[in-house]
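Provided herewith is a single structure, encoded as structure tokens, for subsequent inquiry.
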Amino acid sequence: MPGSVQKIERYDRMPNATFVNRVMGEFQKITTQEIFPNKKIVLFGLPGAFTPTCSTKQLPAYDEAYDRFKGLGIDEVYCVSVNDGFVMNAWGKDLGIKNVKLLADGNGDFTQAMGMLVRKRHVGFNTRSWRYAIYVINGIVDQAFIEEGYNHDGSDNDPYTVSDPETVINYIETTLR
């Protein structure tokens, strides 16, 4: 049931999950145990590929900011969405994404474990991710940037105020001072 798990927060360990992506015409599985240990990772979740804010603002902004993240010692930047690998690949290609790694969470297992799965039935999406970003060091959430208004009934304006790359970069910069 969406929302039955507490939302991810600072000092939580990343949940165990497997993503199923499409690479070179084959299904490829990658686990959180491969992504997070011994690394500094920025991961952001969003409601869906080819949707307005996700496509015109969030994913392109993270791709543009990629070198800035790398300059701050971030090993990788990932985008996760409750979409299948075919859709994630087509979306990345359509937007010309060069840097951010796309993770397909087609069944929503990772998003559910993060406590970020929401019902979006009011717009015909079934279950999707709430919008958020997290900064993870060695598998532990150092900081979570979760948009306000988490709900299952559409009583929000799809906020995008704290999960943007500038907010995350500003936070990381303060930790390096």
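The values are calculated or read from the model by the stated rules, or taken from the named source; none is laboratory data. Source: prediction; values computed, not measured. Every residue, glycine as well, gets a Cβ built from its backbone with ideal geometry; the counts of neighbours run over all protein chains shown. Heads up: the accessible areas ignore ligands, DNA and RNA and are worked out on the full protein's heavy atoms, side chains in. Shrake-Rupley method; radii C 1.70, N 1.55, O 1.52, S 1.80 Å.
For the range 29-37, check the following and say yes or no: at least one residue is under 15 Å from Asn89 (Cα atoms) and not aliphatic (A, V, I, L, M).
Among the residues of the range 29-37, at least one is under 15 Å from Asn89 (Cα atoms) and not aliphatic (A, V, I, L, M), which makes the answer yes.
If you don't mind, another one. When residues of the range 150-170 are filtered for being touching an Asp or Glu at 6+ places or on another chain (Cβ under 9 Å) and open to solvent by 40 Å² or more (accessible area, probe 1.4 Å), how many remain?
5
Could you look through the range 123-149, keep only residues that are among the β-branched types (Val, Ile, Thr) and under 24 Å from Arg13 (Cβ atoms), and pick out the one that is surrounded by the fewest Cβ atoms within 10 Å (Cβ to Cβ)?
Result: Ile140.
Can you name every residue in the range 102-124 that is assigned to a strand (DSSP E or B) and within 19 Å of Ile41 (Cα to Cα)?
Selection gives Leu102, Leu103, Ala104.
Same structure, new question: For the structure I just gave you, tell me whether Ala49 is outside any loop (DSSP other than H, G, I, E, B), of a type in the set (Gly, Ala, Ser) and out of contact with any Lys or Arg (no Cβ under 6 Å at 6 or more places or on another chain).
Answer is no for this residue.
When the residues of the range 79-101 are filtered to those that are open to solvent by less than 30 Å² (accessible area, probe 1.4 Å) and outside any loop (DSSP other than H, G, I, E, B), which remaining residue is nearest to Asn126 (Cα to Cα)?
This residue is Ser81.
Please go through the range 36-53 and give me each residue that is without any contact (Cβ under 8 Å) to a residue 60 or more places away in the chain and either surrounded by 14 or more Cβ atoms within 10 Å (Cβ to Cβ) or in contact with a Pro (Cβ under 8 Å, 6 or more places away or on another chain) (or both), ordered by number.
Ala49, Thr51
Within the range 114-122, can one find any residue that is touching a residue at least 60 places away in the same chain (Cβ under 8 Å) and open to solvent by 60 Å² or more (accessible area, probe 1.4 Å)?
So far as the range 114-122 goes, yes, one or more of its residues are touching a residue at least 60 places away in the same chain (Cβ under 8 Å) and open to solvent by 60 Å² or more (accessible area, probe 1.4 Å).
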